[in-house]
Amino acid sequence: MKTALITHADCLNHVTPTGHPERVARLEHVLHALEPLDLRRVTAPLAAEDDLLRVHPAGYISDIRDARPDEGFTQIDGDTFLSPGSVDAAFRAAGAVVRAVDIVLGGAVQNAFCAIRPPGHHAERETAMGFCLFGNAALAAKHALDHHGLSRVAVVDFDVHHGNGTQDLLWDEARALLITSQQMPLWPGTGRPDEDGAHGQILNIPLAPGTGGAEMRAAYTAQAFPRLRAFKPELIIISAGFDAHQDDPLANLNWSTADFAWLTAELCTLAQELCQGRIVSTLEGGYDLNALAAATRAHVQELIKAAT
Ligand SMILES: [Zn+2]
């Protein structure tokens, strides 16, 4: 079995203002780091409007389309911008996760990594925020449930920021277990343990500033992995943000590249045990270019190891 890499050059045409951390160079570094790896390379399609309607209302989708500037930028909030190429990039990002679910569940590959931007886990039902336009991870979960007819899908979000958008989009979805770890306190401020979903199916794991790899491993081992085993997902979706890395400029956790590899390997082992190894991983944050490249490569190498 193989690991797929799903991406599209349109994701490099989502430009942000000079000095913005979520920049084109992030994806360039990621793609360069993945270049030597043995991956099945798949071109991301544009998401269909019907796909996006699983997580966003039609009015929101048309608002995003209409916000596309002919030149320069449209500013959506304090740190979320659209350039002329952003709408296509966002539709490619959403299309990538949909295609990833299709090929993993179809058996063409065992797991898949979506190298995309803009990221998605902060986008709420009707609110773009935190560099995110469409809720990619939640969309992947809904697509697996509603289109492919799965009964149980798990989403694991290890980005250093709380996946408030994914939480919003899956709040009342009993068929989806969401496990999200985040530095707290940190923007966007949500992600307390008592935010547990309409069916108790959301597990928030706040981590204090300075949390290193040993504490992260202990927290996942004690809290996340038993919940995954009890839930018995048929597919695991990963919101793979690499900004908990010790070199990241936007946050204060102290995970190493080896910690990301460990967490990925553990999730792959659980996927083997629970759901024939099926994993769809999608890129979220990570803002130190070298750390992002190294940690993403380590993450994808573990996916490859698990798929062979
Ligand atoms: Zn983040």
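Structure data summary
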{"read-out": "Pick from the range 205-236, criterion open to solvent by less than 10 Å² (accessible area, probe 1.4 Å) and of a type in the set (A, V, I, L, M), ranking: farthest from A176 (Cα to Cα)", "value": "M216"}
{"read-out": "Some residue of the range 248-269 being in a strand (DSSP E or B) and within 17 Å of L177 (Cα to Cα)", "value": "no"}
{"read-out": "Filter result (assigned to a strand (DSSP E or B) and either out of contact with any His (no Cβ under 8 Å at 6 or more places or on another chain) or within 13 Å of the ligand (Cβ to nearest atom) (or both)) within the range 277-291", "value": "I279, V280, T282, L283"}
{"read-out": "Subset of the range 62-89 (residues that are in contact (Cβ under 8 Å) with a residue 60 or more places away in the chain and within 15 Å of R125 (Cα to Cα))", "value": "I64"}
{"read-out": "Exclusive hit being within 23 Å of C11 (Cα to Cα) and open to solvent by less than 10 Å² (accessible area, probe 1.4 Å), set T166, T127", "value": "T166"}
{"read-out": "Tally, over the range 258-279, of residues that are open to solvent by 40 Å² or more (accessible area, probe 1.4 Å) and closer than 18 Å to F113 by Cβ", "value": "6"}
{"read-out": "Residue within the range 292-308 that is more than 16 Å from the ligand (Cβ to nearest atom), closer than 17 Å to F113 by Cβ, at pLDDT below 95 and not hydrophobic (A, V, I, L, M, F, W, C) present", "value": "yes"}
{"read-out": "Selected residue [closer than 30 Å to Q301 by Cα, at pLDDT 95 or above and among the acidic types (D, E)] from D63, D10, D50", "value": "D10"}
{"read-out": "Residue within the range 145-155 that is in contact (Cβ under 8 Å) with a residue 24 or more places away in the chain, within 16 Å of the ligand (Cβ to nearest atom), buried (at least 24 other Cβ atoms within 10 Å of the Cβ) and under 14 Å from I236 (Cβ atoms) present", "value": "yes"}
{"read-out": "Subset of the range 103-116 (residues that are without any contact (Cβ under 8 Å) to a residue 12 or more places away in the chain and either open to solvent by less than 10 Å² (accessible area, probe 1.4 Å) or in a helix (DSSP H, G or I) (or both))", "value": "none"}
{"read-out": "The one condition in (1) within 16 Å of the ligand (Cβ to nearest atom); (2) over 19 Å from A214 (Cβ atoms); (3) not in a loop (DSSP other than H, G, I, E, B) that L274 fails to fulfil", "value": "(1)"}
{"read-out": "Within the range 169-182, tally of residues that are within 14 Å of the chain's Cα centre (by Cα) and open to solvent by 10 Å² or more (accessible area, probe 1.4 Å)", "value": "1"}
{"read-out": "Helices (runs of 4 or more DSSP H) completely within the range 1-84 that count 2 or more residues being among the β-branched types (V, I, T)", "value": "24-34, 58-66"}
{"read-out": "Count of residues meeting criterion [open to solvent by 40 Å² or more (accessible area, probe 1.4 Å) and not hydrophobic (A, V, I, L, M, F, W, C)] in the range 237-256", "value": "5"}
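The values are calculated or read from the model by the stated rules, or taken from the named source; none is laboratory data. Note that the structure is a prediction, hence the values are computed from the model and not measured. Please note: Cβ atoms are built from the backbone with ideal geometry, for glycine as well, and neighbour counts cover all protein chains shown. Heads up: the accessible areas ignore ligands, DNA and RNA and are worked out on the full protein's heavy atoms, side chains in. Shrake-Rupley method; radii C 1.70, N 1.55, O 1.52, S 1.80 Å.
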